[in-house]
Structure formats: structure tokens, C-alpha cells
Amino acid sequence: MKSLTIKNIESIMEGIASEHPQINTILKGNVWDVDLTKDVTGVYLIYEVTNIAPNGFNGIDYSLDVFLCDNVTEINTATNEVSVQNECSLIALDMMSIFENYNKSSWADKDLNLVLNKTWSVQPFTERFDSLYSGAAVNVSLSTSYGYARCQVPTAAPINLESPIVSGITERGETLACTEGVWQGIGVITYTYQWRRNFANIEGATDTTYLLEYADDNAFISCNVTASDSSGTTTKLSNVVGAVLAAPYSLFAPIVSGTFRVGETLTSTEGVWQGIPTITFAYQWRRFGINIDGETTNEYTLSNGDYNTAIDCVITATNSLGVSSADSNDAIIQGIIPIISGLPTFSGIESVNQTLTATATSFTGVPTPTTSWKWQISDDGVIGWADVVGATSITYLLTESDLAKYVRVVQIATNGAGTDSANSLSSGQIAALTPSDIIFNAYSDRVLTDSGVVENDVCTKLFLDTII
């Protein structure tokens, strides 16, 4: 509210006091001391003017709350309280009567037209300020044709107009300072301070400054300022600063990325850290939580020994105040799907009652694949290949059912990562057993029984085929 408005209200109040013999007013800032009797002190008439709303024309409406109160004696308090309330209410009624009939032209000026509306009330109240006071409250409606400001005056305790401010470098070893803020109150206002760490009081930290220590690392700091005057106390919290920088502190863990498969290369970030600059970083890759010798860069190439293990990377951050570590996510390492190179083969006489033996071709995979077999049969050796039931070993005995058919072997490589297979070339058409075959088989069986070796079996078979 403009000063003219405040002066005008003060003039009105002084005029009321001069025409009412029971009221002796002394201006104390924006607080009125009203003596109900000549020898009573500590009685307050407090008014507050607040902006209600524009009235739609060229003026604005205000409300004026007037509180009259007096001490309540400790002896026979209940009776005395009623007496005080009644006395204050009668004085309030007299005041409003004088106020309502006061010569308006005597408190209007060229810049302000203040008009009292005939809507007011008197309400008794108990213990308005503290346990020793009682009295009556008067609500008055005023209108003015000038000014759109508002006026705030002290209540029963200091009012904070601007919050305290904490400033300084938020690092361990630095000193923070707190202002008292801006306050409005009655008479002299005194201030006390209480520093807080993560919104809990710090024992013994009650000065206007605070030296950040080890316990404040990564914490948030603020300060409560308590203002006290003759009518009460009010506490206001400052802004919050931090987090306090110190030794490295991990905000977000490092992240390992890449393809989690043997033979691939993984990469680790350093993560996100806070702390006093400058922070340096070191890397250590681990397998199942155990350091892998020599792997101290941000990259790691997975080897066969990493299959089905958990790989992570520990980042160690260091600055002038300390060291801290954080480990990454775990990478569960997959194997390499088997790959068969070339075609398997088989050997033996392609005749009924003869045994064919398969030979595997080379293959790769992690972990090392296992090899299994199946034999297939076809009518023409080109299409229509069908598995021979039960024929899953490295050897295959040709039977009468294979006569005039074609056979082949399938090599299967399997590990935890997957499976691969490859087919051999087709055999020739399976023939019936010739006399030379019979003699050769008998010869082979006998030689194997005697010595364990069939020497030059190809020549032996060729000789038998020739002479028979």
C-alpha cells in the first residue's frame, strides 16, 4: 500500500483515539498500544490491511482487521477472561461507532479517498496471542479510489519477507555462510542459526558460517534461521545447497556393452561421478568377480574361457581427497555356434552285410562341440533321403533292406550355443555280397584273429575278384 494510504489510516486511528477517552494510542511502527486503563501496559491494537479485489470501477476494496486484547490475570482466570472480552468488545463497539460517524472530509486528501463501508462485526477471541491474552476482533471493510498495492504489518511473531540464503563453494573444506533474511517484527529482532545436513540438525553448528567436513560428503546442506522479538519466534529454512563435493562418489554405475559372445569385444563406460575435480579413472575386467590379469583398459575381447561366465568391469575413481570404486553390470557370456567345414566321409564295401565307417570333417565352436551321427537311405541317391531308424553310430551295417539303395552319413556338431550338420556324398548303389566278398571277409576275420592286422586288403580283394 502507498505511504499515503498508511498515513491516512494512522490519521484515522489517531482521530478515533482523541475522541474516545478510554483509548490512549502510541504509534509503534505499524502496531498500536492501547491502554484500556491509565496504568495497564502491554495491550495491543493490531491492524492489517490486505488487498481484497478491485471493485470493478476506479477503486479497490480492503479489509481492516482490528484486534483488541488485554492481559488475563492468573487468579480467577475464567472470570477475568470474560471480563476482558466484554470490556474489549464494548470499546470496539464504541470505536466503530465513532469511526462510522467520523467526519470523512477530515481524513480524505487529494490523492486518496478512503470510505468506510457499513459492514463490520465484533467477535470475541480467547488466547489470540498466547495464554495471557484475550479480547475482541473487529473486521472493517474499507474502499479507496486510489492505489492497488497491499500493506502487510506484523502479527504476533516476526514475519519472514525474504528467506535466508546459504552461499559458498559446496566442497569439503570450504566454508558456507547464511544470511538472516529479511524480517518484519516488533521492536528489536534477534536471530539464531541451526545448520542442517540432509534436513537433520548438525550438532553444535549454530554460527552464521559452517565449515564443510568429511561427514558432509555428498550431503545436502541448509540452515534454519529463527527470528525472535518481544511477541514471539518464527523459524525459516534457507535454500538447500549441494551435494557437497569431496572424494569421488558414483551417481550412475559404469555400463558394459557389446555382444556377449566368445570372440567379441566388450566396452565399458566410466559411469557418472561427482567429486572435487580432477577425477582420474582406472579399469579392471573381472570373471566371476576375480580380476583378469592384464585387462585394464576400457575394452576386453572375450576368450574361450569366458564362455558361460559373468564378466564385469570395476571402475576406480581417484581425486585429491580419496578413492572410490563402482562395478558395472554383469555380462553373461554365450558360446559360438558350431560350424562344420567341408563334408564328412565314410569307407567300406558298399555291399549287403558290409560295415561302413564314417570319418568326421573339421568343425569349430565354443564350447567344443560334440559329434553325433545318423545314416540316411535314398532310392536314387539324389532326393528322398530318409533317416534309418536306430542308425546313429559312427558305423553302419548294410542289410538286405539296403540292397539296390543308396546311403550317406550325416555329421552333427552340437554345443550349448547351437547345432550344425553336414551330409556326406552318396554311396554307390548297394550290391549283393559276391563270392569274393565272402572269402575276403573270412580271410579278414581270420587274419584279424591271428595278428590283428589285414595287410593290403585292397590287393587281397582285387585278387579274389580276379580269380573267382
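The values are calculated or read from the model by the stated rules, or taken from the named source; none is laboratory data. This is a predicted model, so every value here is computed, not measured. Note that we place each Cβ from the backbone using ideal geometry, even for glycine, and neighbour counts take in every protein chain shown. These accessible areas exclude ligands, DNA and RNA; they are computed on the full protein's heavy atoms, side chains included. Shrake-Rupley method; radii C 1.70, N 1.55, O 1.52, S 1.80 Å.
Of the peptides 172-182, 326-336, 286-296, the ranking by mean beta-carbon count within 10 Å, highest at the top, reads 326-336, 172-182, 286-296.
Estimated translational diffusion coefficient (Stokes-Einstein, Kirkwood radius over Cα pairs, 20 °C, 1.002 mPa s) of the range 194-269: 134 µm² per second. Summarised as an ellipsoid, the range 383-431 has semi-axes of 24, 12, 9 Å, derived from the eigenvalues of the Cα gyration tensor scaled by 5 and square-rooted, with the largest first. Using θ = phi - 60° in the Karplus curve 6.51 cos²θ - 1.76 cosθ + 1.60, the 3J(HN,Hα) couplings for the range 291-307 round to 4, 9, 4, x, 9, 10, 10, 7, 10, 8, 8, 6, 10, 4, x, 8, 4 Hz; x is entered for Gly and Pro.
Over the range 177-306, the ratio between the Cα radius of gyration and 2.2 N^0.38 Å evaluates to 1.78. The heavy atoms of SER230 present about 90 square angstrom of accessible area, all protein chains included, probe 1.4 Å. Between ASN308 and LEU403, full extension at 0.36 nm per residue minus the direct alpha carbon distance yields a gain of 29.4 nm.
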